[in-house]
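Report on one structure; see the data block that follows.
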Amino acid sequence: MVSSSTELPSFSYDPLLEPKGIRLLLVNPGLEDEPLRGKMLHTSIDDCRPYHALSYAWEGDVRCKEMEVNSMSLPVTASIVHQEAIRGNR
């Protein structure tokens, strides 16, 4: 959910450049009812910061919500926007 009236560019994934590369989504702090915003980081599974894993299928469901990631608009499903795991841990 992007709260800005200005349209953001569409998010595009940069390729993972190392064999053990992963993407971590850092969700910005905020109140439960505020739009989700965050930053996508690339790191190695062998050398990454502590994180909480969340199971989420990016394929399939209709993406009817948006999340601001790296100052770009990332379409997501409604289920991820409302997940307590994300909202409760920011």
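The values are calculated or read from the model by the stated rules, or taken from the named source; none is laboratory data. As the structure is a prediction and not an experimental result, all values here were calculated from the model. Neighbour counts run over all protein chains shown; Cβ positions are idealised from the backbone, glycine included.
Return the pairs, sorted by first residue and then second, in which the second residue is modelled with pLDDT under 85 and among the aliphatic types (A, V, I, L, M), the first residue lies in the stretch 63-90 and is surrounded by fewer than 16 Cβ atoms within 10 Å (Cβ to Cβ), the beta carbons are less than 7 Å apart, and the residues are 6+ apart or on different chains.
R63/V76; C64/A78; A85/L54
Quick one: D61 ticks every box in (1) touching an Asp or Glu at 6+ places or on another chain (Cβ under 9 Å); (2) modelled with pLDDT under 85 except a single one, so which number is it?
In the conditions (1) touching an Asp or Glu at 6+ places or on another chain (Cβ under 9 Å); (2) modelled with pLDDT under 85, D61 misses (1) alone.
Can you go through L17, L31 and tell me which one is modelled with pLDDT of 85 or more, more than 14 Å from the chain's Cα centre (by Cα), over 17 Å from T77 (Cα atoms) and part of a loop (DSSP other than H, G, I, E, B)?
On the way: L31 fails: modelled with pLDDT of 85 or more.
Of the residues listed, the single one that is modelled with pLDDT of 85 or more, more than 14 Å from the chain's Cα centre (by Cα), over 17 Å from T77 (Cα atoms) and part of a loop (DSSP other than H, G, I, E, B) is L17.
Looking at L17, L31, which one is of a type outside the set (V, I, T) and without any contact (Cβ under 8 Å) to a residue 12 or more places away in the chain? Reasoning before the result, please.
Numbers: L17 fails: without any contact (Cβ under 8 Å) to a residue 12 or more places away in the chain.
Only one candidate passes the filter, namely L31.
Please go through the stretch 64-90 and give me each residue that is modelled with pLDDT under 90 and hydroxyl-bearing (S, T, Y), ordered by number.
T77, S79 - these are the residues of the stretch 64-90 that are modelled with pLDDT under 90 and hydroxyl-bearing (S, T, Y).
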